[in-house]
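These notes concern the structure reproduced below.
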Amino acid sequence: MPKVLSPAQIEGFWKDGYVAPIRAISTEQAASIRAKLEAFERTIGGPLSGSLRGRSHLLFTWLNDLIREERIVDAIEDLYGENILCWASSFFIKEAEDPSFVSWHQDSTYWGLSSPDVVTAWVALSESNKANGALEVVPGTHLQDQIPHRDTFSKNNMLTRGQEVAVDVDPKSAVMLELEPGEMSLHHVRLIHGSAPNPSKRRRIGFAIRYMPTSVRQLEGEDSASLVRGIDTYRTFEHEPIPSRDMDPVAVEFHRKQHERSVKILYKGVKVPA
């Protein structure tokens, strides 16, 4: 029997490639996490940027707790079973009046994983709506195979290579996933999705957590993941340490090593831009 998702939501995920909105954490928890993020940003003198936005759960205890949040992992279990890895996490933060955007793409393009059995839990830490560039998805496109992408390396594109699907996407076919703080959406790794810039006066803060069953393998190099439920009999990923405190030197060093591995995988075949 499902733990969080209804049978209709589970059916909808496999049919349409997404389900939303789902209450992941309370509004109070979301506000607390946002406050901790912004307190850290004050210590570094500006918005979180660069490698700090990726796999941030390795650096901050409150994000490591979030990737293990029972209700979130229960929803993943409803889709993929009880042996679950968190493979990665990413902050998607659009500042007020920010020209940054996310082009139409499939997540699976450069990840190097052995199968498309991956789901993203996109957790809203602020309101995410039409006014500030909420996530949009094209229902059913996850049923297609991997679509060719072109790299743009566009300055304002938030994706690693500025990648975009090399096919036309009808924006009228897209569905906007508006979320309140503490709500999440789930989307399939092959679902075409993207988001527009944030012309509003408020930040839009989302934290994307990538989950997959332990049977998935990395084909393009050494990699790590966090076991968040069940057992890992495959052991094809190095298991990640849990930070003992925020920005613990051991955690920072592991994060640096893993970032270098990830860069090699994500930029395979192209020169990393300066």
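At-a-glance table
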{"quantity": "Bridge type composition, region 7-266 - antiparallel percent by DSSP, nearest 5", "calculated": "95 percent"}
{"quantity": "Unit charges at the beta carbon, dipole of region 7-266: most positive-side option, Ile231, Ala20, Met176", "calculated": "Met176"}
{"quantity": "Global geometry of region 7-266, whether rounded, prolate or oblate, following the gyration tensor of its Cα atoms and the 1.5 cut on a/c", "calculated": "rounded"}
{"quantity": "GNM result for the chain, Cα springs below 10 Å: residue of Arg202, Arg53, Arg42 fluctuating most strongly", "calculated": "Arg42"}
{"quantity": "All lysines inside 27 Å of Lys201 as judged from Cα atoms, apart from same-chain residues fewer than 8 positions distant", "calculated": "Lys36, Lys94, Lys130, Lys155, Lys172"}
{"quantity": "Distance between modelled label sites at Thr233 and Ala131, nm, 7 Å Cα→Cβ extension", "calculated": "5.2 nm"}
{"quantity": "Other-chain or far-sequence residues with amide H under 5 Å of Gly206's (modelled H)", "calculated": "Phe92, Ile93, Lys94, Leu125"}
{"quantity": "Lys/Arg +1, Asp/Glu -1 at C-beta; the chain dipole; positive extreme among Val4, Gly54, Val118", "calculated": "Gly54"}
{"quantity": "Net dipole in debye of the chain [+1 Lys, Arg Cβ; -1 Asp, Glu Cβ; about Cα centre; nearest 20]", "calculated": "640 debye"}
{"quantity": "Whether region 44-83 is rounded, prolate or oblate, judged on the alpha carbon gyration tensor where a/c under 1.5 counts as rounded", "calculated": "prolate"}
{"quantity": "Residue of Ile72, Ile231, Ile44 that the Gaussian network model of the chain assigns the largest fluctuation, springs spanning Cα pairs under 10 Å", "calculated": "Ile44"}
{"quantity": "GNM result for the chain, Cα springs below 10 Å: residue of Tyr234, Tyr211, Tyr110 fluctuating most strongly", "calculated": "Tyr234"}
{"quantity": "Residues Ala96 and Arg71, FRET efficiency given R0 of 41 Å [Cβ-Cβ distance, rounded to 0.05]", "calculated": "0.85"}
{"quantity": "Ellipticity estimate at 222 nm from DSSP helix runs (n ≥ 4, -39,500 (n - 2.57)) divided over the chain, nearest 500", "calculated": "-7500 deg cm²/dmol"}
{"quantity": "Cross-link reach list, lysines versus Lys3, counting only Cα pairs under 26 Å and skipping chain neighbours closer than eight places", "calculated": "Lys15"}
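Each value in this text was obtained by applying a stated rule to the coordinates, not by laboratory testing. Model, not experiment: these values are computed from the prediction. Methodologically, a virtual Cβ is constructed for each residue, glycine included, from the backbone with ideal geometry; neighbour enumeration extends over all protein chains shown.
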